[in-house]
Amino acid sequence: MPPAAKKQELKYGYTHLSAGDLLRDERKRPGSQYGELIENYIKEGEIVPVEITISLLKRAMDQTMAANSQKNKFLIDGFPRNEDNLQGWNKTMDGKADVSFVLFFDCDNEICIGRCLERGKSSGRSDDNRESLEKRIHTYLQSTKPIIDLYERMGKVRKVDASKSVDEVFEKVVQIFDKEG
């Protein structure tokens with residue numbers, strides 16, 4: 001996380017949890033019962049089964065709150081990605097966590113692919129290649145976009161034009177958090 005983003009995380013009191021980072025960390029963890037399964041899903045640009053992702057998110061949230069009970073606001077990045085994820089979240093977290101809003105970074109597919117390919121030059125991520133990215137976009141359109149549309153109908157989506165520069169995108173995010181708290 002860039003230093004400016006880390007500073008804002010502290011300002012607003014959110015703990016950032018990336019579903020993707022949690023999955024990649026679990027994939028690399030020696031002795032993980034899910035490592036190979038996660039690797040195959042990620043490589044194919046598919047969505048990892050909800051039970052795995054929810055268990056990793058819940059564990060990270062529980063560990064954070066156990067270390068500091070005041071840290072009970074989370075910015076969950078990259079989740080839910082489909083209807084199954086949403087139902088799993090609602091079933092597991094009902095009464096334990098509320099979704100205040102959804103921060104939606106809207107960006108043209110080719111810009112996203114270009115940025116991910118650039119990131120792939122140094123990330124070491126197995127999914128930073130054109131074939132995996134095109135599969136991920138297909139999965140997004142088929143599975144994730146309907147979830148965003150659902151939250152949009154609930155009035156919970158805060159949209160950011162992510163095709164702009166990093167500084168412009170960050171400023172828009174800060175404005176949203178200033179308003180939402």
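Using θ = phi - 60° in the Karplus curve 6.51 cos²θ - 1.76 cosθ + 1.60, the 3J(HN,Hα) couplings for segment 21-38 round to 5, 4, 5, 5, 5, 5, 4, 7, 5, x, x, 5, 6, 10, x, 5, 4, 4 Hz; x is entered for Gly and Pro.
Charges on Cβ only, +1 for Lys and Arg, -1 for Asp and Glu, centred on the Cα centroid of segment 3-180; of G88, M61, I38, which one is farthest towards the dipole's positive end? Farthest along the dipole direction, towards plus: M61. With θ taken as phi - 60° and the Karplus curve 6.51 cos²θ - 1.76 cosθ + 1.60 applied, the whole-hertz 3J(HN,Hα) list for segment 148-162 is 4, 4, 4, 5, 4, 5, 7, x, 9, 8, 10, 8, 10, 6, 7 Hz, x standing for glycine and proline.
Between segment 121-147 and segment 67-114, the C-alpha centres lie 17 angstrom from each other. Checking the cross-link pairs K58/K121; K11/K43; K91/K179; K28/K145; K71/K91; K11/K96 against a 27 Å limit on the alpha carbon distance flags K58/K121; K11/K43; K91/K179; K28/K145 as lying beyond it.
Taking the Cα centre of segment 3-180 as origin and assigning +1 to Lys and Arg Cβ atoms and -1 to Asp and Glu Cβ atoms, the resulting dipole is close to 520 debye. In this structure the amide hydrogen of T15, modeled in the peptide plane, comes within under 5 Å of the amide hydrogens of K73, F74, L75, none closer than 5 places in sequence on its chain.
May I ask for the Rg/Rh ratio of segment 14-87, computed from Cα atoms with Rh as the Kirkwood radius, given to two decimals?
0.98
Across segment 123-139, coupling constants 3J(HN,Hα) worked out from phi with the 6.51/-1.76/1.60 Karplus curve, θ = phi - 60°, read 7, x, 6, 6, 9, 8, 9, 4, 4, 5, 5, 5, 5, 5, 5, 4, 4 Hz, and Gly and Pro carry x.
Could you size up the charge dipole of segment 77-181 around its Cα centre, putting +1 on the beta carbon of Lys and Arg and -1 on that of Asp and Glu, and report it in debye to the nearest 20? Result for segment 77-181 is approximately 180 debye, rounded to the nearest 20. Taking a sphere under 13 Å around the Cβ of S143 and counting the other residues whose Cβ falls inside, with K and R at +1 and D and E at -1, yields a net charge of 0. Only protein heavy atoms count here; on that basis, with a 1.4 Å probe, H138 has an accessible area of about 110 Å².
Computed in the context of the full set of protein chains, the accessible area of segment 3-180 at 1.4 Å probe radius has 50% of its extent on carbon or sulfur.
Highest mean packing first, where packing is the average number of other Cβ atoms within 10 Å per residue, the peptides 41-52, 111-122 line up as 41-52, 111-122. Using the alpha carbons alone, the radius of gyration of the chain stands to its Kirkwood radius in an Rg to Rh ratio of 0.94. Rounded to the nearest 500, the helix-only mean residue ellipticity at 222 nm of the chain stands at -18500 deg cm²/dmol, with each DSSP H run of n ≥ 4 adding -39,500 (n - 2.57).
The residues of segment 3-180 have, on average, 61 Å² of accessible surface per residue, using a 1.4 Å probe with all protein chains present. Taking all Cα pairs closer than 8 Å and separated by 6 or more residues, the relative contact order of the chain comes to 25 percent.
The values are calculated or read from the model by the stated rules, or taken from the named source; none is laboratory data. Computed from a predicted structure; not experimentally measured. In this analysis, Cβ positions are derived from the backbone assuming ideal geometry, glycine residues included, and neighbour counts consider all displayed protein chains. The accessibility values were calculated without ligands, DNA or RNA, using every heavy atom of the protein model including side chains. Shrake-Rupley method; radii C 1.70, N 1.55, O 1.52, S 1.80 Å.
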